[in-house]
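The values are calculated or read from the model by the stated rules, or taken from the named source; none is laboratory data. The model shown is predicted, which means the values in this text are computed figures rather than measured ones. Methodologically, a virtual Cβ is constructed for each residue, glycine included, from the backbone with ideal geometry; neighbour enumeration extends over all protein chains shown. All accessible areas refer to the heavy atoms of the entire protein, side chains included, with ligands and DNA or RNA removed. Shrake-Rupley method; radii C 1.70, N 1.55, O 1.52, S 1.80 Å.
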Amino acid sequence: MAEEKSAKYLAKIFMDATDAIIVENLEGEVIDANQAAEKAYGWSRDELIGKPIKQVVPDSRYAHADELLQRCVAGELVKDVETERVTRAGDTVWVLLTLSLLTDLDGEAVAIASYAKDITRLKGEAAARDRMATVFMDATDAIIIEDLEGVVLDVNHAAEEAYGWSRDELIGKPIKKIIPEFRHESADELLQRCVAGGDVRNVEVVRVGRSGFAFQASGTKLVPSVRLVGLLTDD
C-alpha cells in the first residue's frame, strides 16, 4: 500500500512539474511525457508515447541528440545543455536540457528522462543585449556610462580614443578624471539635473585627456530606461 501511494505521488509530481519532461527508452522511443511537455511541444501525451524522441528534435540537431543520449547511457552527467527543440507547429525553441539515467532495482539502465526548460525568450534578450553592446562600442561618439555617484561603469572605443585612457583604466574611476578641476562643480550640477529628470542636451563642456590637454566638447546626458542604474554621457 505504501509503495502504491508513493508511486501515485511520484506520478503526480511528474505530471505537474513546470519543466517539460519526456521519458524515453534506451532506443530513443518516448515512454511518457508530462503536461508541461504537451504544452511546450504541442503534441498530446498519447501522440508522443511510442514515437521517436526525435519528433521534438530539429533535423539539424539529430546527431547532437544521439550524442547526448549516449553520454547519458555511459553514466555521464548531462546537465544544462543549451540546444534546440521543435514544436508541432514547426517552431524552433531554445531549451536548457538535462538528461537523467533511470535504472531498475538491480541498477540496470532502463530509460532516460529529459528535462527541458524553455529559454527562447532569454536567448532573444541576450541577442538584443549583444546587438546593443555592439552599437555602443562601435558608435562614433565618445560614450561613457556612469553611475549616480559619478563612477564610470563603461566606455566605448571612441571614448578611449578621445580621452587617451583605455576602457580598463576608466572603469571604476570617477567621471571627474576627464573633467578639469575648475569644471567639477558644473559637472555635479549637470548630473543632479539629469537625476532629477531633466533633459540635458548639447551643453558646451570642457574635458581633459590623459596627456593633460583640455578641450571643449558638446555634452549630452540622458536618463536611461532604468534610471537607477546609471547615466549615459555623450561627450
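Numbers for the structure displayed
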{"item": "Per-residue [θ]222 nm for the chain (sum of -39500 (n - 2.57) over DSSP H runs n ≥ 4, rounded to 500)", "result": "-10000 deg cm²/dmol"}
{"item": "Using θ = phi - 60° and Karplus 6.51 cos²θ - 1.76 cosθ + 1.60, couplings along region 101-108 (whole Hz; Gly, Pro as x)", "result": "7, 9, 10, 8, 5, 8, x, 7"}
{"item": "Under 5 Å, built H, 5+ apart or other chain: amide partners of Asp154", "result": "Ile145"}
{"item": "Helix 184-195 vs. the chain, principal-axis angle (Cα, 0 to 90°, nearest 10)", "result": "40"}
{"item": "For region 39-144, size of Cβ-based charge dipole, Lys and Arg +1, Asp and Glu -1, in debye", "result": "340"}
{"item": "Furthest towards positive pole of dipole, Asn34, Phe182, Val152, structure part the chain, Cβ charges", "result": "Phe182"}
{"item": "Net dipole in debye of the chain [+1 Lys, Arg Cβ; -1 Asp, Glu Cβ; about Cα centre; nearest 20]", "result": "640"}
{"item": "With Cα atoms, 0 to 90° folded angle of helix 120-138 axis to the chain main axis", "result": "20"}
{"item": "Rounded tilt (10° steps) of 2-16 against the dominant C-alpha axis of the chain", "result": "40"}
{"item": "Three-way shape call for region 1-105 based on the alpha-carbon gyration tensor, with the a/c threshold at 1.5", "result": "oblate"}
{"item": "Surface accessible to a 1.4 Å probe, per residue, for the residues of region 94-152, Å²", "result": "59"}
{"item": "For region 186-212 versus region 98-165, the gap between their alpha-carbon centres in whole angstrom", "result": "31"}
{"item": "DSSP bridge orientation in the chain - percent antiparallel, rounded to nearest 5", "result": "100"}
{"item": "Most mobile listed residue (Asn25, Asn34, Asn202) in the chain, GNM with C-alpha springs under 10 Å", "result": "Asn202"}
